[in-house]
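Report on one structure; see the data block that follows.
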Amino acid sequence: MAEYQAQNKAKLISDVRRRFEAEYVTDKSDKYDPRDVERLQQDDNWVESYLCWRHNVVDETLKMLDESFQWRKEMSVNDLTEASIPRWLLEIGGIYLHGYDKEGNKLFWIRVKYHIKDQKTILDKKKLIAFWLERYAKRENGKPVTVMFDLSETGINSIDMDFVRFIINCFKVYYPKYLSKMVIFDMPWIMNAAFKIVKSWLGPEAVSLLKFTSKNDVQDYVSVEYLPLHMGGTDPFKYSYPPLVDDDFQTPLCENGPIASEDEASSKEDIESDDKETLETISNEEQTALLKKVNIIEPTFKAEENEKVDSKMKAFKKPLSVFKGPLLHISPAEELYFGSTEPEEKKALITLTNVTKNVVAFKVRTTAPEKYRVKPSNSSCDPGASVDIVVSPHGGLTVSAQDRFLIMAAEMEQSSGTGPAELTQFWKEVPRNKVKMPYC
């Protein structure tokens, strides 16, 4: 059955590519960005996302691709950068990515009170939406987002149905399969009629994705750790720009790939091949990660503080705070301490303790893989045991408080091996619900 489904999927993807090239590109090549046309021929996941949204009906998928590709060229989506957006629009904090819902989906915040209906700025605001979604899509490749439509303190001047319709179309046509749900918070009664129109735009199949909430029930979808105070949460996050807020772990895996560790080795070709395979597997299977944020601090090191530490570990300050997750206890809970002022001696320690009855596989990732060496970065921890992870900057490079680390963890079956080959296969096959994500 599975083999038949795979063959059928491959045939549908092939049909879409062949017919789009023959029936659309030939006549409308000037209406599309060549990079999108090329990507369509190479990226199976992209084609599949359109097919899935159109229930595998090729004719409908082709129409959707046509509309989406024309829009992408008109908006110059492939060329949108931070510099494309007016600075004041980035500074105001009306649209950004931050935090996760209870299912592990990234939160896409739209703070409606900061939006004033204005035809002079509407295009820039649409570009900002497209900028964030494209940036996210390129990093996550199919993992959905939860839109947090925050209507608190919203007045009549902020109601812009054209802008709302654009956001709906982004998920209906331009970024299919990327909407997990849309959480509408604190909607004023004056907008009841407006959101009846929104429901008609979404269509009957997507209406169930709308979740109308208040302070009393928004926690059904998002834990207090990622809710601001006005929603009854405890998240101390305050928007500021620069830098872009998605530096706070927009994505668990950096675009440049995993960290190279001292103990993960073979040939350069093998490492590059494995990195690509790992990235693809995680994004395709939409793996949820065990989130571990780490700020980096560099206070002055005093040797006498570590008299009891092994001679090889004198550069470390033993962490005191502990983050207690369902699989691993992680110490330190929030910050890495690089204990030496000498660049060549800078090192930090992360201690993982397995609190389950099974072996736990783990990976370490960072937003700055080019800067850090991690040992081990892909290994396992026996039941009740602890593993020390050593983090050091490459070649004396400067550590930054903007850098973040991520620890992915999942329980392994007792019969599973823990060698490099077995771990690689494990991460390929582990179901999403087996990879836990407690909140820091």
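Quick notes on this one:
- Test: residue in the range 388-409 that is crowded, with 17+ Cβ neighbours inside 10 Å, over 30 Å from residue 236 (Cα atoms), at pLDDT 80 or above and in contact with a Leu (Cβ under 9 Å, 6 or more places away or on another chain): no
- Residue satisfying condition, being over 20 Å from residue 37 (Cα atoms) and more than 20 Å from the chain's Cα centre (by Cα), within set 85, 129: 85
- Boolean, residue 200 is loosely packed, with under 14 Cβ neighbours inside 10 Å, without any contact (Cβ under 8 Å) to a residue 12 or more places away in the chain and in contact with a strand residue (DSSP E or B) (Cβ under 9 Å, 6 or more places away or on another chain): no
- Here the range 14-40 is the region considered, the condition is being surrounded by 13 or more Cβ atoms within 10 Å (Cβ to Cβ) and within 26 Å of the chain's Cα centre (by Cα), and the residue that is farthest from residue 142 (Cα to Cα) is 33.
- Members of the range 164-179 found to be of a type outside the set (A, V, I, L, M), in a helix (DSSP H, G or I) and open to solvent by 10 Å² or more (accessible area, probe 1.4 Å), listed by number: 165, 166, 169, 172, 174
- The range 180-197 - residue that is free of Cβ contacts under 8 Å to residues at least 12 places away in the same chain and open to solvent by 80 Å² or more (accessible area, probe 1.4 Å) and, of those, farthest from residue 49 (Cα to Cα): 189
- Considering the range 219-249, and only residues there that are among the aliphatic types (A, V, I, L, M) and surrounded by fewer than 17 Cβ atoms within 10 Å (Cβ to Cβ), the residue that is farthest from residue 111 (Cα to Cα) turns out to be 224.
- Pick from the range 420-437, criterion assigned to a loop (DSSP other than H, G, I, E, B) and either open to solvent by 20 Å² or more (accessible area, probe 1.4 Å) or of a type in the set (S, T, N, Q) (or both), ranking: modelled with the lowest pLDDT: 437
- Scanning the range 361-387 for residues that are open to solvent by 10 Å² or more (accessible area, probe 1.4 Å) and more than 25 Å from the chain's Cα centre (by Cα) yields 382, 383, 384, 385, 386, 387.
- For the range 1-13, a tally of residues being surrounded by fewer than 11 Cβ atoms within 10 Å (Cβ to Cβ) and hydrophobic (A, V, I, L, M, F, W, C) returns 3.
- Residues satisfying the criterion are present in the range 150-160 (criterion: crowded, with 16+ Cβ neighbours inside 10 Å, within 17 Å of residue 126 (Cβ to Cβ), touching a residue at least 40 places away in the same chain (Cβ under 8 Å) and not charged (D, E, K, R)).
- The helices (runs of 4 or more DSSP H) located wholly in the range 28-94 that include 2 or more residues which are among the hydrophobic types (A, V, I, L, M, F, W, C) and in contact with a Leu (Cβ under 8 Å, 6 or more places away or on another chain) occupy 44-53, 58-74, 87-92.
- Unmet criterion (only one of (1) crowded, with 19+ Cβ neighbours inside 10 Å; (2) at pLDDT 90 or above) for residue 99: (2)
- Test: residue in the range 197-218 that is closer than 20 Å to residue 105 by Cβ, in a helix (DSSP H, G or I), at pLDDT 90 or above and more than 21 Å from the chain's Cα centre (by Cα): yes
- One residue stands out in the range 119-146 among those that are part of a loop (DSSP other than H, G, I, E, B) and touching a Lys or Arg at 6+ places or on another chain (Cβ under 9 Å): the one that is surrounded by the fewest Cβ atoms within 10 Å (Cβ to Cβ), namely 142.
- Cβ pairs under 7 Å, 6+ apart, first in the range 4-22 and more than 13 Å from residue 40 (Cβ to Cβ), second assigned to a helix (DSSP H, G or I): 9/48; 12/51; 12/58
The values are calculated or read from the model by the stated rules, or taken from the named source; none is laboratory data. These numbers were taken from a predicted model, which means no experiment stands behind them. When we count neighbours, we look across all protein chains shown, and the Cβ atoms used for this are built from the backbone with ideal geometry, even at glycine. Only protein heavy atoms, including side chains, enter the accessible area calculation; ligands, DNA and RNA are left aside. Shrake-Rupley method; radii C 1.70, N 1.55, O 1.52, S 1.80 Å.
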